[in-house]
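The values are calculated or read from the model by the stated rules, or taken from the named source; none is laboratory data. Here the structure is a predicted model, which is why all the values come from computation and not from measurement. Cβ placement follows ideal geometry from the backbone for every residue including glycine, while neighbour counts extend to all protein chains displayed. The protein model used for the area step is the full one, side chains on, heavy atoms only, and it has no ligands, DNA or RNA in it. Shrake-Rupley method; radii C 1.70, N 1.55, O 1.52, S 1.80 Å.
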Amino acid sequence: MNVCSTVPFVSQQLIYLLYGERRIYQLEAKLSILTALARSAPGEVPSIRVLTDVPQAFEGWPVEVVELDAGLLDAWTGNGGYLHRRKACAIAHAAAWAQKTIFIDTDTVFLQAPQKLFHQVDGGQFLVDEIEMSWAEASGSSYYAGFTQGLARAGEAPADDLQLCNSGVLGFALENAAVADRAVQRIDAWAPYTAALHTIEQIAFSFELHGARINQARGLISHYYAMKPFIHAILEIFFTRHGDRFDPSLLPLALQVPVQRPQPSWLDRLSAKWSLTRVPPHLRGIGRKLLYGSFIGNDEYQRACKVIWWRSAIDDMRRLGGFDWSNGWPQGLPRLRERDEQAITALARKDLEAS
């Protein structure tokens with residue numbers, strides 16, 4: 001680890017941002033870094049820079065740490081209290097340190113060499129995680145309603161073909177570095193919408209990229225933001241087993257870490273589908289989660305994910321209400337193996353008491 005006071009200029013840099021004491025986000029970044037290193041050919045490892053207020057977490061890691069203090073993080077949050085503004089500010093802050101910059105969220109793993117991402121970045125093209133939808137699609141969604149109406153009233157509605165991008169990956173060349181500063185300005189102008197629309201930062205970058213050539217990183221990385229509870233359970237097991245200090249022996253092991261939500265075999269999924277035909281329609285989503293948790297395999301990673309499936313089902317039950325666990329298995333839910341029903345009942349009773 002090299003804690004940078006002055007950051008040297010390089011040809012390529014991979015940038016991570018993380019702040020706060022939550023260890024799980026440090027583990028996300030460490031797995032991502034391990035996969036970047038493991039996928040890189042000798043001599044082709046980009047400069048890896050971690051912007052963080054917890055530099056000691058990366059002691060011994062082959063990265064450059066740029067230490068952030070509380071004052072800077074507060075300034076990056078801005079007056080509106082929108083935390084994702086920090087990401088745009090971090091990208092703007094780091095943009096001058098390299099000819100090519102790729103910012104990547106911590107909840108990612110590399111499926112191929114980082115160089116394949118940098119090959120898609122130059123003065124005429126940008127890189128994003130993925131294109132999620134067009135403005136025409138977004139403007140018809142209730143999630144964007146207040147924002148689209150506000151833009152229309154201000155005469156600032158974009159063209160229907162504007163592409164809304166997920167900025168879990170954002171790559172650009174030095175000559176386009178001002179895109180991040182302009183995105184910050186948009187975020188500030190749109191501050192009234194940040195309470196209801198948590199993706200304002202992504203929208204701001206999407207507006208700035210409109211009309212440019214945009215490449216997508218999907219297939220080169222896996223961004224598991226929709227599966228975080230499952231992958232977090234897996235990360236805890238991996239780093240408990242191997243430790244979270246850097247060692248070259250971790251590189252091949254990191255490539256073996258499952259980063260998909262575990263599901264039962266196709267035969268067990270078919271069995272679950274059949275079992276759910278006897279479950280009331282409004283309980284089938286809950287029943288599917290219970291059955292999937294019961295059916296998935298029994299290695300250490302999958303045992304941890306069983307509980308995630310079951311806790312997700314219990315959360316759904318809490319939202320529905322009306323489930324009585326005092327007299328055993330609630331009516332209407334699919335029946336499972338006795339030991340699984342006992343485990344789920346104990347979890348449900350504990351969670352309900354806690355709430």
Original post:
For the subset of the range 303-347 comprising residues that are open to solvent by less than 20 Å² (accessible area, probe 1.4 Å), at pLDDT 90 or above and not in a helix (DSSP H, G or I), which member is farthest from L276 (Cα to Cα)?
Top reply: L333
**OP:** Collect the residues in the range 189-208 that are out of contact with any helix residue (DSSP H, G or I) (no Cβ under 7 Å at 6 or more places or on another chain) and open to solvent by less than 10 Å² (accessible area, probe 1.4 Å), keeping them in residue-number order.
**Re:** I203, S206
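Among what's in the range 18-29 and is assigned to a loop (DSSP other than H, G, I, E, B) and at negative phi, pick the residue that is surrounded by the fewest Cβ atoms within 10 Å (Cβ to Cβ).
Pass one, the range 18-29, residues assigned to a loop (DSSP other than H, G, I, E, B): 19-22.
Next cut, at negative phi only: 19, 21-22.
Details: Y19: 18, E21: 9, R22: 11.
Of everything passing the filter in the range 18-29, E21 is surrounded by the fewest Cβ atoms within 10 Å (Cβ to Cβ).
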**OP:** Please work out which one of (1) farther than 23 Å from S206 by Cα; (2) touching a residue at least 60 places away in the same chain (Cβ under 8 Å) is the condition I48 fails and give its number.
**Re:** (2)
Subject >> Residue satisfying all of: in the range 30-57; in a loop (DSSP other than H, G, I, E, B) and within 22 Å of H232 (Cβ to Cβ); least open to solvent (accessible area, probe 1.4 Å) among these >> reply: V54
Original post:
With respect to R278, is the statement that it is under 30 Å from H242 (Cα atoms) and either loosely packed, with under 15 Cβ neighbours inside 10 Å or in contact (Cβ under 8 Å) with a residue 24 or more places away in the chain (or both) true?
Top reply: no
Original post:
Has the range 71-80 got any residue that is open to solvent by 50 Å² or more (accessible area, probe 1.4 Å) and under 14 Å from H93 (Cα atoms)?
Top reply: yes
**OP:** Mind listing whichever residues of the range 242-301 are part of a helix (DSSP H, G or I), under 30 Å from V63 (Cβ atoms) and touching a Phe, Trp or Tyr at 6+ places or on another chain (Cβ under 7 Å)?
**Re:** none
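Quick grid of which residues meet (1) part of a helix (DSSP H, G or I); (2) over 24 Å from Q26 (Cα atoms); (3) touching a residue at least 12 places away in the same chain (Cβ under 8 Å):
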residue: K100; (1), (2), (3): no, yes, yes
residue: F103; (1), (2), (3): no, no, yes
residue: T106; (1), (2), (3): no, no, yes
residue: L117; (1), (2), (3): yes, no, yes
residue: T148; (1), (2), (3): yes, yes, no
residue: G155; (1), (2), (3): no, yes, no
Original post:
Is it true that some residue in the range 42-52 is among the small types (G, A, S) and within 23 Å of L83 (Cβ to Cβ)?
Top reply: no
**OP:** May I ask you to say which residue of Q115, Q120, Q125 is under 17 Å from R213 (Cα atoms) and open to solvent by less than 40 Å² (accessible area, probe 1.4 Å)?
**Re:** Q125
**OP:** Output the number of residues of the range 290-313 satisfying the condition of being touching a residue at least 12 places away in the same chain (Cβ under 8 Å) and either under 14 Å from P229 (Cα atoms) or of a type in the set (S, T, Y) (or both).
**Re:** 15
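Can you spot a residue in the range 82-96 that is under 24 Å from the mean Cα position of the chain (by Cα), among the hydrophobic types (A, V, I, L, M, F, W, C), farther than 13 Å from I203 by Cβ and open to solvent by 20 Å² or more (accessible area, probe 1.4 Å)? Let's see the steps before the verdict.
Narrowing the range 82-96 to residues under 24 Å from the mean Cα position of the chain (by Cα): 82-95.
Keeping just the survivors that are among the hydrophobic types (A, V, I, L, M, F, W, C) gives 83, 88-92, 94-95.
Then keep just the ones that are farther than 13 Å from I203 by Cβ; that gives 83, 89-92, 94-95.
So of that shortlist, the ones also open to solvent by 20 Å² or more (accessible area, probe 1.4 Å) come out as 83, 92.
Yes, that holds for at least one residue.
Among the residues of the range 5-42, count how many are small (G, A, S), modelled with pLDDT under 95 and under 17 Å from the mean Cα position of the chain (by Cα). Walk me through how you get there before you give the answer.
Applying the first criterion (small (G, A, S)) to the range 5-42 yields 5, 11, 20, 29, 32, 36, 38, 40-41.
If we keep only those that are modelled with pLDDT under 95 as well, we get 5, 20, 41.
Narrowing further to those that are under 17 Å from the mean Cα position of the chain (by Cα): 20.
Of the residues in the range 5-42, 1 are small (G, A, S), modelled with pLDDT under 95 and under 17 Å from the mean Cα position of the chain (by Cα).
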**OP:** Output the number of residues of the range 264-286 satisfying the condition of being within 17 Å of W329 (Cβ to Cβ) and of a type outside the set (A, V, I, L, M).
**Re:** 4
**OP:** Give R218, R245, R241 a once-over and let me know the one that is within 26 Å of L127 (Cα to Cα) and of a type in the set (D, E, K, R).
**Re:** R218
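When you scan the range 43-53, how many residues do you find that are over 20 Å from the mean Cα position of the chain (by Cα) and not polar (S, T, N, Q)? Break it down into steps so the answer makes sense when it comes.
Narrowing the range 43-53 to residues over 20 Å from the mean Cα position of the chain (by Cα): 43-47.
From what is left, the residues that are not polar (S, T, N, Q) are 43-46.
Summing the residues that are over 20 Å from the mean Cα position of the chain (by Cα) and not polar (S, T, N, Q) in the range 43-53 gives 4.
Consider the range 242-268. How many of its residues are in contact (Cβ under 8 Å) with a residue 12 or more places away in the chain and either out of contact with any strand residue (DSSP E or B) (no Cβ under 7 Å at 6 or more places or on another chain) or open to solvent by 70 Å² or more (accessible area, probe 1.4 Å) (or both)? Can you show your working first?
First, pick out the residues of the range 242-268 that are in contact (Cβ under 8 Å) with a residue 12 or more places away in the chain: 244-246, 250-255, 257-265, 268.
Now restrict to residues that are either out of contact with any strand residue (DSSP E or B) (no Cβ under 7 Å at 6 or more places or on another chain) or open to solvent by 70 Å² or more (accessible area, probe 1.4 Å) (or both): 244-246, 250-255, 257-258, 260-265, 268.
Count: 18.
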Original post:
Can you find even one residue in the range 163-176 that is out of contact with any helix residue (DSSP H, G or I) (no Cβ under 6 Å at 6 or more places or on another chain), open to solvent by 50 Å² or more (accessible area, probe 1.4 Å) and within 16 Å of A96 (Cα to Cα)?
Top reply: yes
Subject >> Residue tally, condition more than 18 Å from L267 (Cβ to Cβ), crowded, with 16+ Cβ neighbours inside 10 Å and charged (D, E, K, R), over the range 285-302 >> reply: 1
